[in-house]
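To start, the structure itself, in structure tokens.
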Amino acid sequence: MERIPKNSWFLVAFAWTAFIFWGCSTPGKDLPPISLFEHADKLIHTVLFFLFVVFWGIWSGKPRSIWLWIMLGILYGFGLEVYQKVFVPGRSFDVWDGVADSAGALLGAWFLRRRFAVAKE
């Protein structure tokens, strides 16, 4: 990961954040059905916000900023749920999507903590 320039990580993180917004802005009728297993969408939310925290955390490169990215991930996730309810046809506020987003953010922070701990050794 160190071989990728810091500016490139910013672009990756920004693009990922925009991708999440785009996905959450898709009207309900345009979403493909996900029938791998019950609640597969929660796994997708978890992965999206895991990568959100990982990409922004790598860009910042500061272990202490991980709490910032956790909080921003949680706020972004729940904020998007409100946005969907108010502005996106066929979408609604789902507290469990927000919980899955939060779990992904926490897992991303755990991954980064492990990564930074290994990097220091």
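We did not get these values from a lab; they are worked out from the coordinates using the rules stated. None of the values given here were measured: they were computed from a predicted structure. All Cβ positions, even for glycine, are placed from backbone atoms using ideal geometry, and neighbour counts span all protein chains on display.
Axis angle, to the nearest 10 degrees, between helix 40-60 and the longest C-alpha principal axis of the chain: 30 degrees.
Using 1/(1 + (r/R0)^6) with R0 = 30 angstrom and r between the beta carbons of SER92 and ALA18, what's the FRET efficiency to the nearest 0.05? The value I calculate is 0.85. Across region 104-115, coupling constants 3J(HN,Hα) worked out from phi with the 6.51/-1.76/1.60 Karplus curve, θ = phi - 60°, read x, 4, 5, 5, x, 5, 4, 4, 5, 4, 5, 5 Hz, and Gly and Pro carry x.
Starting with the highest mean, order 64-77, 10-23, 88-101, 45-58 by the number of other Cβ atoms within 10 Å, averaged over the residues of each peptide. Each step should come with its number before you reach the end.
On the way: 64-77: 17.6, 10-23: 14.4, 88-101: 16.1, 45-58: 22.8.
Output ranking for 64-77, 10-23, 88-101, 45-58: 45-58, 64-77, 88-101, 10-23.
Between the helical axis of 6-25 and the longest alpha-carbon principal axis of the chain there is an angle of about 10 degrees.
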